[in-house]
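Structure, as structure tokens:
The values are calculated or read from the model by the stated rules, or taken from the named source; none is laboratory data. Bear in mind the structure is a predicted one, so any value in this text is a computation, not a measurement. Using ideal geometry, Cβ is built from the backbone for each residue, glycine included, and neighbour counts are taken over all protein chains shown.
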Amino acid sequence: MDDSVIIELYFARDEAAIEETSGKYGAQLRRIALNAGADFETARECENDTYLRAWQLIPPHDPGEHLFAFLGRIMRGRAVDRIRREKAQKRAAETVELTRELEECLPGSDSVTESVERSELKASIDRFLDGLSERKQRMFVRRYWYFDPISDIAAANGMTESSVKTALHRMREQLKKHLEKEGYGI
Amino acid sequence: MNGDELMEIVGDIDDRFVEKAYDTQRKKGASGWLMPAAAVFVAAVIALGAILYNKPIRLVTPKPLGVMLLGDLNGISRSFEIFKKEELEVAKNEPVELIHKYDAEREKEIQGESKCVLRIGFFVYGGRLYRHVDLGDFGSDELVGEKLGHVRGVGWLGKDPAAYDELTGLTGGDIYEVKGFDPEFMVCRKGYGSRITTYVCNCGYVISKGEDVFEQRYHFSDRLETLVYEKPGDHLYKKQYALDPALPEVRSFIEAIDKASWHLMDVMDALWLDTEQWIENDYHKLIFKLGGVDVTATLYNGYHLFIDGFDGCAIDLDEKDIKPLLELMESHEKSVPVENNSDSQFVTVEEARQDPRFGRYVPSFIPEGYELYYCIIRYSVDMNTGKRTGTEGISFDFMTKDEKHILVVIGSVSDALEDDAGTDEDKRCTAPIGELTVNNIKENWGDNGPEPLRVCGYNDEASIRLSASGVSREDMLRIVRSGFHGK
């Protein structure tokens with residue numbers, strides 16, 4: 001079913017919207033949580049939370065052509081929050097590794113202050129991604145948005161795992177330089 | 001801010017990036033989440049299909065035994081990963097093209113339309129394919145051993161296999177043993193003066209560990225006399241430093257590369273590195289000096305080591321193994337600068353002023369808005385000794401933000417007069433500096449309209465040639481005169 005039709009169901013408050021959403025995107029949404037280190041039950045629960053949140057937000061929000069991105073963003077946030085809460089003492093290895101990787105992009109751990117508007121930093125990262133080739137954009141987003149393991153990214157791109165690691169390392173360095181250049185390291 | 005917070009903010013990136021990555025992943029058919037039993041079944045079906053139809057599809061990642069390098073009569077190295085039969089039935093069968101770039105226009109500039117063959121590119125000897133690899137450009141003929149025979153092979157102007165079609169055919173020459181190296185791996189031909197040209201057979205071997213190449217074939221531990229390196233960004237300025245192989249950091253580096261495993265590089269990855277890393281100067285160049293034979297390698301990002309002559313594969317190192325050497329190379333604490341004997345070198349303006357022959361002619365006036373883009377000194381080099389014998393010229397390129405250029409070339413008087421010799425009288429722009437006026441500054445018209453202004457002044461010792469756009473005639477005269485001021 002086309003996304004526009006699914007969104008119409010949300011607007012019409014027809015509960016078939018959830019069923020259709022689940023059928024079309026459920027597996028991919030669960031995968032985000034599993035990639036982040038959630039177990040199956042947690043992934044399922046986050047998925048349900050996501051549908052509930054989508055039901056609450058649509059309408060008035062209309063995701064338009066980006067329904068999956070809208071849902072995935074909710075799912076991603078839910079999954080990360082759950083993993084942090086449930087494994088506060090012992091973080092999931094996957095999220096520990098991912099946050100450690102992203103910390104390399106920070107131009108000095110104390111230099112990006114709390115007062116920086118989140119939206120400004122988000123826009124800066126968007127500009128960074130715009131400057132990458134499509135292939136690199138995909139790799140970066142699959143790793144740090146979708147939490148794909150390195151092996152999946154390698155398989156999807158026909159690369160070796162070490163090549164993917166190097167490529168991601170380079171991109172993190174480039175992001176760091178980009179953030180410094182845009183004034184976040186000063 | 002910490003990594004967790006940055007991860008949250010990455011979650012807010014524009015939807016189009018998320019959708020693009022989602023769509024692509026679906027199209028590539030990456031395995032999604034599956035119930036375990038279903039996954040096993042599907043894996044079995046796909047693996048069976050792979051065996052039957054020779055498609056290298058993997059759901060698991062088996063560890064390769066090594067990389068096999070093969071050559072064919074086209075000279076292209078093909079690299080394969082070889083797996084244990086019981087893990088996965090197929091070898092990854094993707095030909096890897098030579099990574100080197102071939103600049104056809106530049107080669108035409110150098111060679112004209114002549115199809116002169118510079119060297120034998122590859123030949124078959126003893127049933128093995130040998131390829132030319134640049135090892136020790138000025139390698140001494142003291143390394144030349146017993147004559148092995150006469151070979152005929154295909155020559156090339158550059159490194160593009162497609163160029164073979166244009167050549168006149170086969171060429172030949174005597175080949176010799178390289179003392180201390182197995183002729184099944186390396187042979188040589190005699191070149192001009194004491195130069196030797198080396199040829200390496202990297203075909204038909206399965207290389208698994210670094211030592212398969214570094215020790216078994218090149219004998220690094222026995223022969224290493226010096227490890228020379230260039231830090232990132234230094235390669236333009238050819239600043240090289242040498243390390244004693246007895247240093248513990250160098251010894252542990254050799255041990256680490258001996259133990260590391262070879263792996264195949266895919267074409268896209270290799271091409272990406274070939275362009276981006278070279279542009280961004282993000283690598284160390286290493287030269288292992290093995291007593292007359294230099295083996296050049298590139299250490300990219302501190303992790304990948306590529307060795308010249310072995311295309312399509314690399315070894316990866318752990319940070320802990322490479323860190324001591326990287327720190328040593330960064331500090332230059334125990335290194336000795338290497339005398340630079342290349343025929344050109346990028347320098348700063350101040351370094352150009354120190355040149356004993358032409359340094360005093362560096363102009364002191366350049367119009368406002370022009371910044372130095374590059375400065376290069378060209379040297380003459382003795383082909384027998386490989387050492388510099390003097391300066392041939394200094395060239396500058398100054399550029400504005402909107403890419404207007406001033407090109408300054410300081411050279412000999414004969415260079416300037418030769419340059420002008422074929423020009424019509426009314427278009428000549430060269431005069432002794434004392435007689436140079438604005439009238440000598442000529443504008444030329446090409447097919448695309450006006451070309452940059454040109455002028456050249458000279459005295460008994462040197463000439464200064466100038467070509468510029470967006471500069472007044474008066475300023476051009478002033479630039480040239482500032483180079484001769486008081487001389």
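Restricting the range B:199-231 to residues that are outside any loop (DSSP other than H, G, I, E, B) and either modelled with pLDDT under 85 or aliphatic (A, V, I, L, M) (or both), the residue that is nearest to the chain's Cα centre (by Cα) is B:228. Selection of the range A:167-186 for residues being more than 21 Å from the chain's Cα centre (by Cα) and at pLDDT 80 or above yields A:177, A:180, A:181, A:182.
Can you tell me which of B:234, B:269, B:282 is surrounded by fewer than 18 Cβ atoms within 10 Å (Cβ to Cβ), modelled with pLDDT under 90 and either under 27 Å from residue B:141 (Cβ atoms) or within 14 Å of another protein chain (Cβ to nearest Cβ) (or both)? Spell out how you get there, then give the answer.
Numbers: B:234 fails: either under 27 Å from residue B:141 (Cβ atoms) or within 14 Å of another protein chain (Cβ to nearest Cβ) (or both); B:269 fails: surrounded by fewer than 18 Cβ atoms within 10 Å (Cβ to Cβ).
Just a single option satisfies the conditions, and that option is B:282.
Taking residues in the range B:440-457 that are buried (at least 19 other Cβ atoms within 10 Å of the Cβ), and partners anywhere that are modelled with pLDDT under 75, the pairs with Cβ atoms closer than 8 Å and at least 6 places apart or on different chains are B:440/B:428; B:453/B:443; B:454/B:444; B:456/B:419; B:456/B:420.
Please tell me if residue A:30 is among the basic types (Lys, Arg) and part of a helix (DSSP H, G or I).
Values: among the basic types (Lys, Arg): yes; part of a helix (DSSP H, G or I): yes.
Judged against the criteria, residue A:30 is a match.
Among the candidates B:355, B:415, B:397, the residue that is in a loop (DSSP other than H, G, I, E, B), acidic (Asp, Glu) and assigned by TED's automatic domain parsing to the domain that holds residue B:442 is uniquely B:355.
Please determine whether any residue of the range B:359-377 is over 22 Å from residue B:463 (Cβ atoms) and not in a loop (DSSP other than H, G, I, E, B). Yes, there is a match, as at least one residue in the range B:359-377 is over 22 Å from residue B:463 (Cβ atoms) and not in a loop (DSSP other than H, G, I, E, B).
Is there a residue being within 21 Å of residue A:152 (Cβ to Cβ), more than 10 Å from chain B (Cβ to nearest Cβ) and out of contact with any Asp or Glu (no Cβ under 7 Å at 6 or more places or on another chain) anywhere in the range A:45-64? Yes, some residue in the range A:45-64 is within 21 Å of residue A:152 (Cβ to Cβ), more than 10 Å from chain B (Cβ to nearest Cβ) and out of contact with any Asp or Glu (no Cβ under 7 Å at 6 or more places or on another chain).
Being over 29 Å from residue B:141 (Cβ atoms), more than 17 Å from the chain's Cα centre (by Cα) and away from chain A (no Cβ under 14 Å): is that true of residue B:374 here? Yes; evaluated as a whole, the condition is true for this residue.
Scanning the range A:1-50 for residues that are within 17 Å of residue A:148 (Cα to Cα) and among the hydroxyl-bearing types (Ser, Thr, Tyr) yields a total of 1. Comparison of B:295, B:347 shows that the only residue that is modelled with pLDDT of 90 or more, away from every other protein chain (no Cβ under 14 Å), crowded, with 19+ Cβ neighbours inside 10 Å and under 21 Å from the mean Cα position of the chain (by Cα) is B:295. When the residues of the range A:51-83 are filtered to those that are within 15 Å of residue A:148 (Cα to Cα) and among the hydrophobic types (A, V, I, L, M, F, W, C), the one that is modelled with the lowest pLDDT is A:80. Of the residues A:86, A:8, the single one that is at pLDDT 90 or above and surrounded by fewer than 18 Cβ atoms within 10 Å (Cβ to Cβ) is A:8. Go through the residues of the range A:114-126 one by one and say whether even a single one is within 10 Å of chain B (Cβ to nearest Cβ), at pLDDT 80 or above and closer than 17 Å to residue B:21 by Cα. Yes: one or more hits. Scanning the range A:133-147 for residues that are more than 8 Å from chain B (Cβ to nearest Cβ) and in contact (Cβ under 8 Å) with a residue 40 or more places away in the chain returns A:143, A:147.
Only one of the numbered conditions (1) surrounded by fewer than 21 Cβ atoms within 10 Å (Cβ to Cβ); (2) more than 7 Å from chain B (Cβ to nearest Cβ); (3) more than 18 Å from the chain's Cα centre (by Cα) is violated by residue A:162, and that is (2).
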